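S.K.: Pasting a structure here, questions to come.
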Amino acid sequence: MERPILWIHGEALGPANPALAAHPGRPAVFVFDTALIREQAISLKRLAFLYECLLELPVSIRQGDGAGEVLAFAQRHGADGVVTSAAVDPRFEPIRRAIARQLPVAVLEPEPFVRLREPPDLRRFSRYWRQAEPQVWGLY
């Protein structure tokens, strides 16, 4: 890919995002996917947290159909592909597949926050944190 755009999603909202690191200066987009928001019943508090994280990144913020918005953004920028980071949450996979039907998608692996022995329970952050916290504090 010579002219990719970057798709930033809810699992990589920091400056260490591998897509941002690998392609500095390329146009980047985050989409508040309305279907995912309804499906997950995301609270207003969580939406505000996501928005505050996004304000610190070089990213355009959109709302609507995830794949459709990413593809429209790519078209506006004359992109020949999309670069994103891997996601643990399986709800991002259908969006990636929909994008990949029209443009190549490169998925970069982020440096893991922690390495868990078991797959994380993604239904609630507190469940994930109970698995991750002992490793996090063991780093200090």
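The values are calculated or read from the model by the stated rules, or taken from the named source; none is laboratory data. In this text, all values refer to a predicted model and were calculated from it rather than measured experimentally. Quick reminder, even Gly has a Cβ in these numbers, built from the backbone with ideal geometry, and neighbours come from all protein chains shown.
S.K.: Would you be able to say whether some residue in the stretch 38-59 is among the charged types (D, E, K, R) and within 23 Å of residue 103 (Cβ to Cβ)? Show your work before the answer.
M.R.: Let us first name the residues in the stretch 38-59 that are among the charged types (D, E, K, R), namely 38-39, 45-46, 52, 56.
Those left that are additionally within 23 Å of residue 103 (Cβ to Cβ): none.
No, that holds for no residue.
S.K.: All but one of (1) closer than 30 Å to residue 1 by Cα; (2) without any contact (Cβ under 8 Å) to a residue 40 or more places away in the chain; (3) assigned to a helix (DSSP H, G or I) hold for residue 62, so report the exception by its number.
M.R.: Single failed check for residue 62: (3).
Yes/no per residue for (1) among the small types (Gly, Ala, Ser); (2) in contact with a Ser or Thr (Cβ under 7 Å, 6 or more places away or on another chain); (3) at pLDDT below 95; (4) assigned by TED's automatic domain parsing to the domain that holds residue 126:
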{"residue": "14", "(1), (2), (3), (4)": "yes, no, yes, no"}
{"residue": "17", "(1), (2), (3), (4)": "no, yes, yes, no"}
{"residue": "57", "(1), (2), (3), (4)": "no, no, yes, no"}
{"residue": "66", "(1), (2), (3), (4)": "yes, no, yes, no"}
{"residue": "74", "(1), (2), (3), (4)": "yes, no, no, no"}
{"residue": "77", "(1), (2), (3), (4)": "no, no, no, no"}
{"residue": "90", "(1), (2), (3), (4)": "no, no, yes, no"}
{"residue": "101", "(1), (2), (3), (4)": "no, no, no, no"}
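S.K.: Is it true that residue 79 is under 19 Å from residue 20 (Cβ atoms), among the aliphatic types (A, V, I, L, M), part of a loop (DSSP other than H, G, I, E, B) and under 13 Å from the mean Cα position of the chain (by Cα)?
M.R.: Working: under 19 Å from residue 20 (Cβ atoms): yes; among the aliphatic types (A, V, I, L, M): yes; part of a loop (DSSP other than H, G, I, E, B): yes; under 13 Å from the mean Cα position of the chain (by Cα): no.
Considered against the rule, which asks whether it is under 19 Å from residue 20 (Cβ atoms), among the aliphatic types (A, V, I, L, M), part of a loop (DSSP other than H, G, I, E, B) and under 13 Å from the mean Cα position of the chain (by Cα), residue 79 comes out as no.
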